[in-house]
Amino acid sequence: FGNNENKRALSNSNLSDKARRMLDSALKVDETSASHAYDVVFNLQQKYFDVVFNVPTSFALDSKLNDEIQKILIGGFYPLLLVYANSAPEFVETHSQDFSTARALRYHFRIGQFHRLQFDSLSQPKMQGSKIHLMDGFDFDLYESSGMVALSGQSGNGKTALLCYLLASILNSKPDAIVKIIDPKLDYSLFNFAQKRHLDYVSPAGNMNDYMNDVQSVLAGAIDEIHRRQRKVLETGKLPEKPYIIALDEAMAIAASITETKVIKQYQSLITQVTLMGRSARVFLFTSAQTFDANSVMNSSSRDQMAFKVVLSSNPSANDCRYLFKD
């Protein structure tokens, strides 16, 4: 790292020393590494480092301490390292023969930062195996995860563009993939995308009752496909190679057009069945909405099946994230 005139090699000892200095300066505890309260041990090969504590300490080894360490080192190591945030403390054993240093808090990282991908057209992006490239070094594995996608953000923030990118990445690599698009707002770019690739495209044509019947028919067809594929897996022992994707754009607009409670329940029931059962048959739901909630777009069971969740905003707030990111 560094410029051409001042290149320096990364080493475990160098990084450990820098981490100790940052923690000694900013960590709000009464002890430091100089008093042997803790040490930092880097493992560049495995891409993690451990903060090893010398017990007993005058401070608690808890979530608050974990969060403080993250805040200090995430910013402190930028842009040299990207330190991933733990949602909760990750305790590991150090295999030390001394009880005092037998445990540590572990943090994972990558060298450098993620960078945006750039394409001249949607004919260029392709999957690598079952992975969709999102940024340089950051991928979404369609098959290893549940494969379900939820995109949130106000109108104009890029939900449809991201949806088209995800679908294009799949179709460019797997041209036999089945994609059915449900578009309640008749978006020109999504319509044009569907037309160019000869995809099934369901949109309102005047009568909203007919449209809702069409939407439910597409979702029910996906459930029938799940059952058909699952029977085939039982017979052959092989998973289907061809992904089957329902792309539901602006799901909130669909829910807003339903006035009967019975129809809303039927609609949500179909969504729930697809998200809960689809993974084993490689049938996936990609959905977007300006906002998600349990009463209209999807219930909490479906929300928890979303493997790839995105909030698109120039300045995301807790309110923007409150449903999709429940933690």
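The values are calculated or read from the model by the stated rules, or taken from the named source; none is laboratory data. Note that the coordinates shown come from a computational prediction; the quantities given were computed from them, not determined experimentally. All Cβ positions, glycine included, derive from the backbone under ideal geometry; neighbour counts span all protein chains shown. Areas reflect the complete protein model, heavy atoms only, side chains present, ligands, DNA and RNA absent. Shrake-Rupley method; radii C 1.70, N 1.55, O 1.52, S 1.80 Å.
The chymotrypsin sites (Phe, Trp or Tyr not before Pro) of the range 67-118 that meet both conditions, a loop assignment by DSSP and at most 15 other Cβ atoms within 10 Å of the site Cβ, are Y84, F114.
A straight chain from Y188 to Q128 at 0.36 nm per residue would run longer than the Cα-Cα distance by 18.7 nm. Shape class for the range 170-327, computed from the alpha carbon gyration tensor (a ≥ b ≥ c): rounded, with a/c under 1.5. With Cα atoms as the point set, the range 96-155 shows a radius of gyration and Dmax of 18.8, 59 Å. Near the amide H of V202, within less than 5 Å, lie the amide hydrogens of I181, I182, D183, all on another chain or at least 5 residues away, with H placed in the peptide plane. When the trypsin sites (Lys or Arg not before Pro) in the range 285-327 are filtered for DSSP coil states and for at most 16 other beta-carbon atoms within 10 Å of their beta-carbon, the remaining sites are R322, K326. Here the gap between D141 and T291, fully extended at 0.36 nm per residue and compared with their Cα-Cα distance, gives a gain of 51.5 nm.
Would you work out the relative contact order for the chain, in percent, from Cα pairs under 8 angstrom that are 6 or more residues apart?
Rounded, it is 15 percent for the chain.
Extending 7 Å from Cα along the Cβ direction at T32 and again at S58 yields two label points whose distance is 1.3 nm. Here is the link list: K159/K180; K196/K265; K47/K174; K185/K309; K18/K64. Which ones come out longer than 27 Å on Cα distance? Those over the limit are K196/K265; K47/K174. The C-alpha radius of gyration of the chain, expressed as a fraction of 2.2 N^0.38 Å, stands at 1.22.
When each of the peptides 176-186, 147-157 is scored by the mean number of other C-beta atoms lying within 10 Å of its residues, the order from highest to lowest reads 147-157, 176-186. Sparse packing (at most 15 other Cβ atoms within 10 Å of the Cβ) combined with a DSSP loop state is found for the following trypsin sites (Lys or Arg not before Pro) in the range 14-112: K28, K47. Exposure here means at most 13 other Cβ atoms within 10 Å; with GluC sites (Glu not before Pro) in a DSSP loop as sites, the longest stretch of the chain lacking them is 6-143.
Based on protein heavy atoms only, the chain ends up with 53 Å² per residue of surface accessible to a 1.4 Å probe. Rounded to the nearest percent, how much of the accessible area of the chain (1.4 Å probe, protein heavy atoms only) is carbon and sulfur? Whole-percent figure for carbon plus sulfur exposure: 48.
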